[in-house]
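A.B. asks: What follows is a structure written as structure tokens; I'll ask about it next.
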Amino acid sequence: MSSVALVGNPNVGKTTLFNALTGMMQHTGNYPGVTVEWKSGQWKSADLPDGAMELVDLPGTYSLAAQSPDEAVVAATLLGEIPGLPRPDAVIAVIDASNPERNLYLLSQLIEVGIPVVVALNMVDAAAAKGLKVDAVRLSKNLGIPVCVIRANRREGLKGLSEAVGARLRDTQGASFTPLCKDPRVASSPDIIRERYSWARRMLVDCLERPETPLQTFSDRIDRLVTHKFWGLLIFFGMMALVFQSIFSWARPVMDWLDLGVRGAGDLLLAGMPQGTLRSLLQDGVIAGAGAVLIFLPQIAALFFFISLLEDCGYMARTAFLMDKLFSRLGLSGRSFIPMLSSFACAVPGIMSTRSIDNARERLVTMLVAPLMTCSARLPVFTVMIAAFVPSTRVFGIFNMQGVALLGMYLLGAATAIPVALVLRKTLMKNVSPMFLIELPAYKWPDTRTVLQRVYLQCRAFVVRAGSVIMLVSVLVWALSYFPRASAPVDASTQLSQSALGRMGKTLEPAFKPLGWDYRITMAALASFPAREVVVATLGTIFNLSKDQTDDVGLRQNLKDAVWPDGRPLFNLAVALSLMVFFALCAQCASTLVVIAKESGSWKWAAFAFCYMTTLAYLGAWGTYSLVFRLMSAGA
């Protein structure tokens, strides 16, 4: 099947166009030998050769003279230099109509590559808001290649684009442009840079209308407020508070519905099944394990929804600009903020997105602190502990205390990352603070289909993971807690203490007792080292052994009922906060460590991340437990 590559500057609507052309028929992967992600899908149209083509969405870039790993991959792909990946048969150059001169700079390099090019002129509404108008017909005549006006977020102009691509593949005559250099990847000299912009101006001279005086756009008026050094920060933190309040409150009805579904499925599966090893495996391993994770899917979906919404409307770039002043004091730049903010959803794509940072030391520091951001995998344990042990009271008559506690856990990781980054930049990776330049795209209404598609793909990835790694670990934990069986009939608590997992937990209990943990909590923490999500499934396995309960409410009640050997409650606010702080700071994610090793080129940095984060997690949990326990004792 023929293939066509989507190429363009960042924030030109390339991904929106890709989603519009492929729908849900897409998949992602990594380029051979590097951890730069590509996304491809099938583009179907009667105007295309054989009725369909493979559409490849390449990373955004301003130039083929690469400054970062993802930019290098764009040039290597177009030149057919990546083993196992065929050279594209055509290129769609997505151009922002509100900034055509800068976009044509990249187009001049794409034409030099020698692949048939079709221009997709996008964001014409944003251009109109600035008083700009591009005559696509004249521009096409000047360039000598097709120029199609599209509105990707509204699926307008796609028919004309497919017709142009089909025709371009049948007519491969070159564009009216004399190459400036043999290899467009070569770092351009000042003379070549000037010539490329001169060429862009010549192409636009008779087809671009500008207002006599620049118009103040809607985005400009908003930016005066949201990028203000005081009001901008206040708006940002207020927005984050609202997001986390919503996550905790709005998702609860759907979680309750899933509770009923898990219990109903469990009842059907276990109906008529006699007591024994198989029933215990299904009830305490499979159902309790997967059910305890899947029940938090609504909250994870809500988190991905808000992140996608803010990203698609253009607000994310403003937060990077806003944070640059703070980050520059840490030896980083605002460019590091986007990977770190992305890590709130999942550290893996967050770390992979550091490839857009051209400064090697800044990129490495960002990789090492990004896992401190509170990802969605930590959300389940926060939800269980907060719902069970943080009172649902109002703060200032507005905010729910449980939502405030959740926000605090998310801020903890970010607050910890600041001194860690500062120490790294002052010691191991001392360097001059890099310069930060960023384009602020025009605000737009988020594309509903794009946002929902992102939420679906992220949730699907979470569920697939829950059905593989988490399920495997849950069954392993069940086996370790079920075997060896006691020689005489005993209650579930005694059986657990005598099991292989119980013996492991008791051996390590003295090391974790200063955190307020007993051997059962220690077992859950140990079992979750491959993936944080496992901790709730493991708690469900451990604390549901003596009761026929698999739902979220039942687990919370069982945690409240758990006691020490002397009858004291095992869990209280101090223990719950200790456990949450530990999971907020620990490095219990094998996938994250693997990606750090691949991106940095060395396992020593993955080992370093694991060691320093585990140390921080232990000290933070110990300090939290000690402080809160003393406060509770003084209050009593």
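The values are calculated or read from the model by the stated rules, or taken from the named source; none is laboratory data. Keep in mind it's a predicted model, so treat the numbers as computed, not measured. Because the Cβ atoms are built from the backbone with ideal geometry, glycine has one as well, and the counts that use them run over all protein chains shown. Areas reflect the complete protein model, heavy atoms only, side chains present, ligands, DNA and RNA absent. Shrake-Rupley method; radii C 1.70, N 1.55, O 1.52, S 1.80 Å.
A.B. asks: In the structure shown, do any of Lys14/Lys141; Lys430/Lys604; Lys44/Lys133 have a Cα-Cα gap over 27 Å, and if so which?
C.D. replies: Lys44/Lys133, as the Cα separations exceed 27 Å there.
A.B. asks: Please calculate how many Å² of accessible area the range 351-415 carries per residue, with a 1.4 Å probe and no DNA, RNA or ligand atoms counted.
C.D. replies: Per residue, the range 351-415 has 30 Å² of solvent-accessible surface.
A.B. asks: For Gly331, list long-range residues whose amide hydrogen, built 1.01 Å from N in the peptide plane, is under 5 Å from its own amide hydrogen.
C.D. replies: none
A.B. asks: Could you report the range 213-257's accessible area per residue, 1.4 Å probe, as an integer in Å²?
C.D. replies: Computed with neighbouring chains in place, this is 65 Å² per residue.
A.B. asks: If you don't mind, there's one more thing I want to ask. Please list 3J(HN,Hα) in residue order for the range 362-373, calculated via the Karplus relation 6.51 cos²θ - 1.76 cosθ + 1.60 where θ = phi - 60°; whole Hz, with x for glycine and proline.
C.D. replies: Once rounded to whole Hz, the list reads 5, 4, 5, 4, 4, 4, 6, 9, 4, x, 6, 5.
A.B. asks: With charges set only on the Cβ (+1 for Lys and Arg, -1 for Asp and Glu), what does the dipole of the chain come to about its Cα centre, in debye to the nearest 20?
C.D. replies: Result for the chain is approximately 1080 debye, rounded to the nearest 20.
A.B. asks: Next question, about the same structure. What is the set of long-range amide H partners of Ala52 at a cut-off below 5 Å, with H atoms built 1.01 Å from backbone N?
C.D. replies: When sequence neighbours closer than 5 places are left aside, the close amide H contacts are Ser45.
A.B. asks: Which entry in [x] 17, 45, 31, 6, 1, 0, 0; [y] 18, 46, 28, 8, 0; [z] 16, 37, 30, 14, 3, 0 is this structure's computed P(r) over Cα pairs in 20 Å bins from 0, in percent?
C.D. replies: [y]
A.B. asks: Given a 1.4 Å probe and every protein chain left where it sits, what share in percent of the accessible area of the chain is carbon and sulfur?
C.D. replies: 63 percent
A.B. asks: For Glu156, enumerate residues with amide H under 5 Å from its amide H, sequence gap 5+ or separate chain, H modeled in the peptide plane.
C.D. replies: Amide H neighbours of Glu156, under 5 Å, 5+ apart: Arg151.
A.B. asks: Could you work out the relative contact order of the chain? I mean the mean sequence separation of Cα pairs under 8 Å and 6+ apart, divided by the number of residues, in percent.
C.D. replies: In percent, rounded to a whole number, it is 12.
A.B. asks: For the charge dipole of the range 279-358, defined by +1 on Lys and Arg C-beta atoms and -1 on Asp and Glu C-beta atoms about the Cα centroid, which residue among Gly331, Leu297, Leu310 has the Cα displaced farthest towards the positive pole?
C.D. replies: Gly331
A.B. asks: Could you give the dipole magnitude of the range 1-156 about its Cα centre, charging the beta-carbon of Lys and Arg +1 and that of Asp and Glu -1, in debye to the nearest 20?
C.D. replies: So the magnitude is around 480 debye.
A.B. asks: Each residue of the range 590-596 in turn: what ³J(HN,Hα) in whole Hz from Karplus with 6.51, -1.76, 1.60 and θ = phi - 60°, glycine and Pro shown as x?
C.D. replies: Going residue by residue, I get 4, 4, 4, 5, 5, 5, 4 Hz, with x marking Gly and Pro.
A.B. asks: May I ask you to evaluate 6.51 cos²θ - 1.76 cosθ + 1.60, the Karplus curve with θ = phi - 60°, for each residue of the range 407-415 and list the ³J(HN,Hα) values in order in whole Hz, giving x for glycine and proline?
C.D. replies: 3J(HN,Hα) across the range 407-415, in whole Hz: 4, x, 5, 6, 6, 4, x, 5, 5.
A.B. asks: Per residue, how much accessible surface does the range 41-117 expose to a 1.4 Å probe? Answer in Å², no decimals.
C.D. replies: For the range 41-117, the solvent-accessible area averages 30 Å² per residue.
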